[in-house]
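Reading through the structure tokens given below for one structure.
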Amino acid sequence: MLNLDDATKLLSLPKATIRRWIRQGKIPVHEARGEYFFDKKDLEKWARKHNIFLRTNYEKPQSHPSHPEGNLLESMKRGGVFFHVKGETVAEVLKQTVYLTPLPPEVDKEFLVDLLLQREKLGSTGIGAGVAIPHPRYPLEKLFTSAVITTSFLDKPVDFKAIDGQPVFVLFMMLSPTTKLHLHYLSRLSFCLRNQAFTAFLRKCTNPEAFFKEIKQLEASLDGG
Amino acid sequence: MHRFFLRLHERLQLIIIASIVGLCGGVGSVALNRSLAAVFEWLDTLRGSWYSFLFPAVGAALSSIFLNQIARDGGGHGVPEVIYSISQRGGLLRFRSSFSRLIACLLTIASGGSAGPEAPVVISGASIGSNIGTYFRLKDRQRVIVVGCGAAAAIASIFNAPVTGIVFTLEAILGEWTAVNLIPVAIASVVGTEISRILQGNQIPFQYHAVAISPWNLGACLGLAALTAMGSVALIRTLRFIHRHAPKMIPITWVSAAAGGVLVGVIGLGFPSVLGEGYDVIRCMIAENYSASLLVLGLTVLTKILATSLTIGSGGSGGLFAPCLVIGSFTGQFYHRALVTALPSVSWAGGGYFALLGMAGVISGVLQAPMTGVFLVAEITGSYHFLISVVLVAVISVTVSHFFEPVSVYHQELVSRGELIKPRTDRQILSHLNVLELLETDCQIIHPEMRLKDLVSMIQHSHRNYFPVEDSQSGEFLGMIHLDDIRAYLFDPYLHDTILVEQVMDRDVPRVSLEDDLAYIFEVFDKTHSWSLPVVRDGKFIGLISKATILDHYRKELLVNEEI
């Protein structure tokens, strides 16, 4: 037996509508001591007959957290930071970066490079100020459980055909299992890159510890509000 | 008893109630019929005297006083009230309507007023049905059907015509033919008929001796159909004219009813056959015992139309059914006489045949209900062998009169008040839904002195495109911001600090209130091309109403309305 509140949740309709339906005799109901009760089986039968959707477990649907958890620092540590990465062309530096990245053994590295190059063909991932964020076009669902960001400081700046025409000196390669996660990290990274002190720091950065420290600080200011 | 009853299956409940309603409706109509005959007979002894022309006036005045002052129920024929109640009040009718109309109409008709006992019987039956339905705690949807049962039983028992009762109810009262309606209505109709047969014998109201019908007669039907359609239109328009102007000329209802009665009495001096319900005249005509000149017949049709409009339009009480039949039969007789005079060599089927066809034609035309006309004539004569001609006349008469008067006489009042809501229409669903059920209250409220920056950070966490603006002190609703209005400034961070909400908000956004009906709200939506409107009560914002939510609810409403 369900009461009026249960039925409202089950049908996801306002109470006023259910009351009216009761008055008009459109919904099966029992009345006892001035209160309404619904037989769950009757209600389900009625809903099937009229093709009306019933929410089976009438908890509020688990809303997907619109902002996935996880911070930049973790995924950057997973990907690693590399200095003096060699290469003259986009393809060469990407290949280098992929081979440097600690990846699970089943990952086909050539294939991954290919994916990254396909994305570059659609439009450069060089976002300006000498920074590029190469990533595959589609999320790599099977390969990763969480995102991996590899940071490569290039030996020589490479022409990525970036928006502002500046040669790229640092790559942040992003590999993520879902689009949502990808966007999450992308928005965090772009927050950092908007900070001019950070981009100036990147040009001088020579060791991973200083880099991670800088990222940690920026993320703290992002989460702190 | 109650509890046992409530446990039964819904259809079985309805069948049981339909039988009870049929029983009561049948008894009611027999009672009215008997008392009408008795009072009419009693007054007949006085009818020869010089003052007899005042009878209709006294009767109409008494009936009007009784209805308005004592029973406090409206005058007129009253069927529109039943239809209104069915379409908007879930079939609720006052209990006193079950007898007040009967008494009022008894006074009007027995004194000579030109009206019929059917409509009062229908209202009485409907009201009995409604109250029995309420007693058994029926829901609106079922009560409506039971009201129809009462009407069906009344018509069926007064004419001793079960099928006519069913057809009339479905066609003119409920307005929809569905199996769910049909079964209880048919049962009530059958019970009602049987009651009247037990109480007053199974007699065919109008005995008609079948004659051979030559193809010539079928051709002549076309002309008769046109003539009956004219008669119907004339009756509808005269009635409407008097109904509109009588209250203006004489504001006191009972005086106006009396004045109408005097005029009817005067007409009655010249044409006594227009007085009362007029079934005796019809009986003579169909038995081929009536003879009058072409001129007298034609004038009788016109005076009957006038007398009926005067009686009912001025505030007397009674129905249009019987007058329609009288007008129809005189029209038929008139047409027959004209045919015989013009083409004496053809063998015409006789005055009775044409009188019957005329009855079907006028009933169909006035009520916009062809099947009612067909079955009524077939059943009251107990003869089906001229069915082809009846169908022909009824259908053509409806078509022609529909051209001039597209709305049935029962629906006119409701249509002019904008209250006719047919079952299973968009309007019905909209009239059921109300703003409160559709209100969305999960809105983020903003204040006029907020900067765009604050709004942008709010937008980040909101799933809505509309933001109501309230005065931060008084809480008064000031206007709305739609995402579209500020899109241009959103991506310019320089403006985030310089623009205030009050600079970009829409101040004269149309507002709706909780009491507005959805038809009006849709008008506003269409006019403003907006997707959401603010609902405001006492100057304060209480929620949004949006097209998307309405669609969601509308569809659910449609789904539960489906009969399976």
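The values are calculated or read from the model by the stated rules, or taken from the named source; none is laboratory data. Keep in mind it's a predicted model, so treat the numbers as computed, not measured. Because the Cβ atoms are built from the backbone with ideal geometry, glycine has one as well, and the counts that use them run over all protein chains shown.
Scan the stretch B:137-192 residue by residue and report those that are more than 14 Å from chain A (Cβ to nearest Cβ), under 15 Å from residue B:11 (Cβ atoms) and not in a helix (DSSP H, G or I).
The answer is B:178, and nothing else.
State all residues of the stretch B:379-394 that are without any contact (Cβ under 8 Å) to a residue 60 or more places away in the chain and surrounded by fewer than 22 Cβ atoms within 10 Å (Cβ to Cβ); if no residue qualifies, say none.
Result: B:384, B:387, B:391.
Return a yes/no flag: does the stretch B:332-352 have any residue that is free of Cβ contacts under 8 Å to residues at least 40 places away in the same chain, farther than 21 Å from residue B:382 by Cα and in contact with a helix residue (DSSP H, G or I) (Cβ under 6 Å, 6 or more places away or on another chain).
Within the stretch B:332-352, the subset free of Cβ contacts under 8 Å to residues at least 40 places away in the same chain is B:336, B:340, B:342-345.
Next cut, farther than 21 Å from residue B:382 by Cα only: B:336, B:340, B:342-345.
Next cut, in contact with a helix residue (DSSP H, G or I) (Cβ under 6 Å, 6 or more places away or on another chain) only: B:336.
Yes, there is a match, as at least one residue in the stretch B:332-352 is free of Cβ contacts under 8 Å to residues at least 40 places away in the same chain, farther than 21 Å from residue B:382 by Cα and in contact with a helix residue (DSSP H, G or I) (Cβ under 6 Å, 6 or more places away or on another chain).
Of all strands (runs of 3 or more DSSP E) completely enclosed by the stretch A:89-177, which ones contain at least 3 residues that are under 13 Å from residue A:79 (Cα atoms)?
Values: elements: A:126-128, A:148-158, A:168-175.
Qualifying strands (runs of 3 or more DSSP E): A:148-158, A:168-175.
Could you list, in sequence order, the residues of the stretch A:16-26 that are within 9 Å of chain B (Cβ to nearest Cβ) and either under 43 Å from the mean Cα position of the chain (by Cα) or part of a helix (DSSP H, G or I) (or both)? I'd like the intermediate steps shown before the answer.
The first filter runs over the stretch A:16-26 and keeps only residues within 9 Å of chain B (Cβ to nearest Cβ), leaving A:16-17, A:20-26.
Answer for the stretch A:16-26, where residues must be within 9 Å of chain B (Cβ to nearest Cβ) and either under 43 Å from the mean Cα position of the chain (by Cα) or part of a helix (DSSP H, G or I) (or both): A:16, A:17, A:20, A:21, A:22, A:23, A:24.
With a cut-off of at least 2 residues that are within 14 Å of chain A (Cβ to nearest Cβ), name the helices (runs of 4 or more DSSP H) lying wholly within the stretch B:403-445.
Passing ranges, in order: B:426-432, B:435-438.
Just to be sure before I move on: is residue B:410 crowded, with 18+ Cβ neighbours inside 10 Å and over 15 Å from residue B:359 (Cβ atoms) in the structure I sent? Full working, then the answer.
On the way: crowded, with 18+ Cβ neighbours inside 10 Å: yes; over 15 Å from residue B:359 (Cβ atoms): yes.
Yes, satisfied.
Taking the stated definitions as given, is residue B:305 modelled with pLDDT of 85 or more, out of contact with any helix residue (DSSP H, G or I) (no Cβ under 6 Å at 6 or more places or on another chain), of a type outside the set (Phe, Trp, Tyr) and surrounded by 24 or more Cβ atoms within 10 Å (Cβ to Cβ)?
On the way: modelled with pLDDT of 85 or more: yes; out of contact with any helix residue (DSSP H, G or I) (no Cβ under 6 Å at 6 or more places or on another chain): no; of a type outside the set (Phe, Trp, Tyr): yes; surrounded by 24 or more Cβ atoms within 10 Å (Cβ to Cβ): yes.
For residue B:305, the condition - modelled with pLDDT of 85 or more, out of contact with any helix residue (DSSP H, G or I) (no Cβ under 6 Å at 6 or more places or on another chain), of a type outside the set (Phe, Trp, Tyr) and surrounded by 24 or more Cβ atoms within 10 Å (Cβ to Cβ) - is not met.
Among all residue pairs at least 6 apart or on different chains, which show Cβ distances below 8 Å where the first residue, located in the stretch A:34-51, is within 12 Å of another protein chain (Cβ to nearest Cβ) and the second is surrounded by fewer than 13 Cβ atoms within 10 Å (Cβ to Cβ) and in a loop (DSSP other than H, G, I, E, B)?
Between residues of the stretch A:34-51 that are within 12 Å of another protein chain (Cβ to nearest Cβ) and residues that are surrounded by fewer than 13 Cβ atoms within 10 Å (Cβ to Cβ) and in a loop (DSSP other than H, G, I, E, B), the close pairs are A:47/A:53; A:49/B:564; A:50/B:562; A:50/B:564.
Condition test on residue B:64, is it modelled with pLDDT of 85 or more, assigned by TED's automatic domain parsing to the domain that holds residue B:130 and closer than 25 Å to residue B:314 by Cα? Break it down into steps so the answer makes sense when it comes.
Numbers: modelled with pLDDT of 85 or more: no; assigned by TED's automatic domain parsing to the domain that holds residue B:130: yes; closer than 25 Å to residue B:314 by Cα: yes.
No: the conditions fail for residue B:64.
Out of the residues in the stretch B:511-543 that are in contact with a helix residue (DSSP H, G or I) (Cβ under 9 Å, 6 or more places away or on another chain) and assigned to a strand (DSSP E or B), which is surrounded by the most Cβ atoms within 10 Å (Cβ to Cβ)?
Per the stated criteria, the residue is B:535.
Yes or no: the stretch B:429-437 includes at least one residue that is at pLDDT below 85, in contact with a Gly (Cβ under 9 Å, 6 or more places away or on another chain) and not hydroxyl-bearing (Ser, Thr, Tyr).
No, the stretch B:429-437 contains no residue that is at pLDDT below 85, in contact with a Gly (Cβ under 9 Å, 6 or more places away or on another chain) and not hydroxyl-bearing (Ser, Thr, Tyr).
Against the condition more than 22 Å from residue A:85 (Cβ to Cβ) and part of a helix (DSSP H, G or I), how does residue A:183 come out, does it pass? If you could, list the steps in order and put the result at the bottom.
Details: more than 22 Å from residue A:85 (Cβ to Cβ): yes; part of a helix (DSSP H, G or I): yes.
Yes; evaluated as a whole, the condition is true for this residue.
Out of all the residues in the stretch B:486-496, is one or more within 14 Å of another protein chain (Cβ to nearest Cβ) and farther than 25 Å from residue B:454 by Cα?
No, the stretch B:486-496 contains no residue that is within 14 Å of another protein chain (Cβ to nearest Cβ) and farther than 25 Å from residue B:454 by Cα.
Does the stretch B:218-225 contain at least one residue that is free of Cβ contacts under 8 Å to residues at least 12 places away in the same chain, within 18 Å of the chain's Cα centre (by Cα) and at negative phi?
The initial filter retains those residues of the stretch B:218-225 that are free of Cβ contacts under 8 Å to residues at least 12 places away in the same chain, namely B:219.
From what is left, the residues that are within 18 Å of the chain's Cα centre (by Cα) are none.
Among the residues of the stretch B:218-225, not one is free of Cβ contacts under 8 Å to residues at least 12 places away in the same chain, within 18 Å of the chain's Cα centre (by Cα) and at negative phi, which makes the answer no.
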